Amino acid sequence: MTLEQIRKLLAEGEGLTVEFKECVNELSNSVFETVCAFSNRYGGYMLLGVKNDGEVIGVNPSAVQEMKKNFANTLNNPQRFAPTLFLTFEEIDIAGKIVIFAYIPVSSQIQSFGGRIYDRNEDGDFDITRSTQLIANLSVRKSTQFTERRVFPYAREEHLKLDELIPIIKRKAGNRRTGHPWGDMAAIEIMKSAGLYEEDIVTGVKGFNLAAILLFGRDEIIQQAAPGYVTDCLRRIDNVDRYDDRERVESNLIESFDTLMNFIRKHTLDRFFLIDSLNVSVRDHIAKELVSNILVHREFSSPFPARIVVEKDRLVAENWNRPLRPGRIDPANFEPYPKNPILARFFVQIGYADTLGSGLRNLCKYTKMYSGVEPELIEGDVFKTIIPIGAHVAENRVVNLVNEPISYGNGTVNDDDGTVNDNDGIVNDSDGTVTSLKILSAIRDNPAVTIEQIAELCGISKRTIAREIKKLREQGKIRRIGSDKTGHWEIQKP
C-alpha cells in the first residue's frame, strides 16, 4: 500500500470497506471484531493510529512490535478466531507519525471472534450471532461464491493422505513460525482449524470440503471431486510446435507444488543476488509466486487445464479464473481479491505463499531483478502470467545489488538443454559459503529457528548445519542469546 493510496483512504473516510482505529498503545477487541466483519462481508482496509474523523494521531513506536505480535497470535488462535487467519500489519510513515495498515480479504467461510459472528453494514460492525436468518443469508452468499467450500459428506479420512502429509505440514508450519499451534494438534483438529472440515448450517451437511480434497486427497479422489483438475507443464524451446519435455501433474496441491517447482528449476537458469548480505535465489522466488498462484487462485469447477510453459525467453502460466476486473493488472493500483481464501490461507501457513497482495509485489520485484523487465498479468476468463526470462539471462552467477555483478564459482551449465548441473540448481558450495548464507537467511526469518529446522529448510544434514553454525559463531557473525532450548539467534552487524 503506497502513501498516496493511504492518503486517499483517509480523505474518503470510513465506510463499508474502510475502518479507522485509534489504538495508540494496544489493540482493542474492536480491531478483531472489524477483521471478522470484513472477512464475512467484502473485505476491507483497516488503519490504526487514526481517529474516526480521519485525523492521524499515530501509534506509539514502542508499542508497534507488541501490537503486531498480538495481532498475529490472536488470529492464529483457534480458541479466539475461527477459522484461523494469517494477516500482517504494514507500517506507514505519515508526516513522522506511524500508521499501521492491514488489508483483510473476504473469507469463503463464516468467521467468528470469541465465539461471536460479526457482519459489516455501512461503517459499523454488527453482532449477528443470535440471528439465524442473517447467518443463513451469510452462509448462502459464501457457499455460492466459492467452490472450494463445497462439502463432500461421504469423503473420509482414508480418502486423504493425512498420515503422509500432516507431519510434513507441521514441520513446514513450524519452520514458518516457531510454536505454531498446529504442532500440538491432531490431524482432524488441523483440518477444522484450517477450515477444511466444516458443517453447512443451512443444510446440516458436514464433512471435508473441496479445499481439503485438493490439498490432501489421493489422486483418484481428486479426479472424482474435480474432474478437470490437472496442471500441464511444457518445455517448448527447440520444438515450438509440440514440446521438448512435458509433465502432467494431477496430484494434490501440496505434492504438486514441489513437482511444479522442480520442473521450472530443471528448465531455467538460477541467478543469485546478494540482498542485505544474504544470497537469494531470485529464480526460486519467481517460481514460488508463479506456482502458488496457479495452484491456489484458479477456478476448480472448470475443465480448462492449468498450464506452465517454459519458452526460450519467457515463462507463461495460464489458469481458468473468475475475473473481478478484466484486463491488464497494474501493480501500483492492484487490490488483492482471493479466489480461494481457504487454500490461500493454508499456503501462507506452510510458507508456500506470502500474505495476500504481497505475492504480486514480490513477483514484480524479483522478475525485474532477474531479467530487467516487469512481468505481465492479464485477468480474464483465463488468467495469464508472463515472466520474461530473456535469452541474455544465460549464465549462473551471484549479483551484488550495490556493486557490479560478480561471478560465482563451480556452477556448471549443461550445453545440451541449458539446465544447471548442480543440486536443485544451486551452485556447489564446497567452501561452505552458500550454506552459511542459507543459515543466516533462516535466522533472519526466524531467530528462534532450530538446527533441525534449518537442516529441513536447506536440505542439508544436521551435522553440516551444526559445523557451519560453529564457524559463524567463531567468525562473530552470529551469537546465541539464552539457552539452547528456549533461546534465539542474533545476527551480528559487521
- Task: Residues being within 20 Å of Leu343 (Cα to Cα), among the small types (Gly, Ala, Ser) and not in a loop (DSSP other than H, G, I, E, B): count how many of those fall in segment 103-124.
- Result: 1
- Message: Give me the residue from segment 451-471 that is small (Gly, Ala, Ser) and loosely packed, with under 11 Cβ neighbours inside 10 Å and, out of that set, nearest to Leu278 (Cα to Cα).
- Response: Gly459
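Can you pull out every residue in segment 158-200 that is part of a loop (DSSP other than H, G, I, E, B) and farther than 18 Å from Phe81 by Cβ? Let's see the steps before the verdict.
Looking only at segment 158-200, we keep the residues that are part of a loop (DSSP other than H, G, I, E, B), and these are 161, 177-180, 185-186, 194-196, 200.
Hits for segment 158-200 are Lys161, Thr178, Ala186, Asp200.
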- Message: Condition (residue is assigned to a helix (DSSP H, G or I), surrounded by 13 or more Cβ atoms within 10 Å (Cβ to Cβ), at pLDDT 95 or above and in contact with a strand residue (DSSP E or B) (Cβ under 7 Å, 6 or more places away or on another chain)) applied to segment 223-234: is it met by at least one residue?
- Response: no
- Note on the structure: Within segment 453-494, the residues that are modelled with pLDDT of 75 or more and on the phi > 0 side of the Ramachandran plot are Gly476, Gly482
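Is it the case that segment 285-301 has a residue that's among the polar types (S, T, N, Q), surrounded by fewer than 17 Cβ atoms within 10 Å (Cβ to Cβ) and farther than 20 Å from Ile222 by Cβ?
Our first condition is that a residue be among the polar types (S, T, N, Q); within segment 285-301, this holds for 292-293, 301.
The next check asks that each one be surrounded by fewer than 17 Cβ atoms within 10 Å (Cβ to Cβ); those that pass are 301.
With the extra rule that they be farther than 20 Å from Ile222 by Cβ, the set shrinks to none.
Within segment 285-301 (the criterion being among the polar types (S, T, N, Q), surrounded by fewer than 17 Cβ atoms within 10 Å (Cβ to Cβ) and farther than 20 Å from Ile222 by Cβ), the answer is no, since none of the residues qualifies.
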- Task: Go through (1) among the basic types (Lys, Arg); (2) free of Cβ contacts under 8 Å to residues at least 12 places away in the same chain; (3) in a strand (DSSP E or B) one by one and return the number of the condition Arg141 breaks.
- Result: (3)
- Can you tell me which residue within segment 472-494, out of those that are charged (D, E, K, R) and surrounded by 14 or more Cβ atoms within 10 Å (Cβ to Cβ), is nearest to Ser281 (Cα to Cα)? Lys477
- Note on the structure: Within segment 94-119, of all residues that are buried (at least 22 other Cβ atoms within 10 Å of the Cβ) and hydroxyl-bearing (Ser, Thr, Tyr), the one farthest from Ala212 (Cα to Cα) is Tyr118
- Task: Check off (1) buried (at least 20 other Cβ atoms within 10 Å of the Cβ); (2) of a type in the set (S, T, N, Q); (3) in contact with an Asp or Glu (Cβ under 7 Å, 6 or more places away or on another chain) for Asn252 and give me the number that stays unchecked.
- Result: (3)
- Looking at (1) at pLDDT 95 or above; (2) surrounded by fewer than 17 Cβ atoms within 10 Å (Cβ to Cβ); (3) within 23 Å of the chain's Cα centre (by Cα), find the lone condition where Gly179 falls short. (1)
- Task: Take Asp245 and decide whether it is in contact with a helix residue (DSSP H, G or I) (Cβ under 8 Å, 6 or more places away or on another chain), of a type outside the set (A, V, I, L, M) and free of Cβ contacts under 8 Å to residues at least 24 places away in the same chain.
- Result: yes
- In segment 120-138, which residue that is surrounded by 19 or more Cβ atoms within 10 Å (Cβ to Cβ) and touching a residue at least 40 places away in the same chain (Cβ under 8 Å) is farthest from Phe20 (Cα to Cα)? Leu138
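Results for (1) within 17 Å of Leu210 (Cβ to Cβ); (2) within 17 Å of the chain's Cα centre (by Cα), shown as yes or no for each residue.
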{"position": "Thr84", "(1), (2)": "no, yes"}
{"position": "Thr88", "(1), (2)": "no, yes"}
{"position": "Ile92", "(1), (2)": "no, no"}
{"position": "Asp123", "(1), (2)": "no, no"}
{"position": "Leu138", "(1), (2)": "no, no"}
{"position": "Glu157", "(1), (2)": "yes, no"}
{"position": "Leu162", "(1), (2)": "yes, no"}
{"position": "Ile166", "(1), (2)": "no, no"}
{"position": "Lys170", "(1), (2)": "no, yes"}
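The values are calculated or read from the model by the stated rules, or taken from the named source; none is laboratory data. Keep in mind that what you see is a predicted model, and the values were worked out from it rather than measured. Here Cβ is always computed from backbone atoms with ideal geometry, including for glycine, and neighbour counts include all displayed protein chains.
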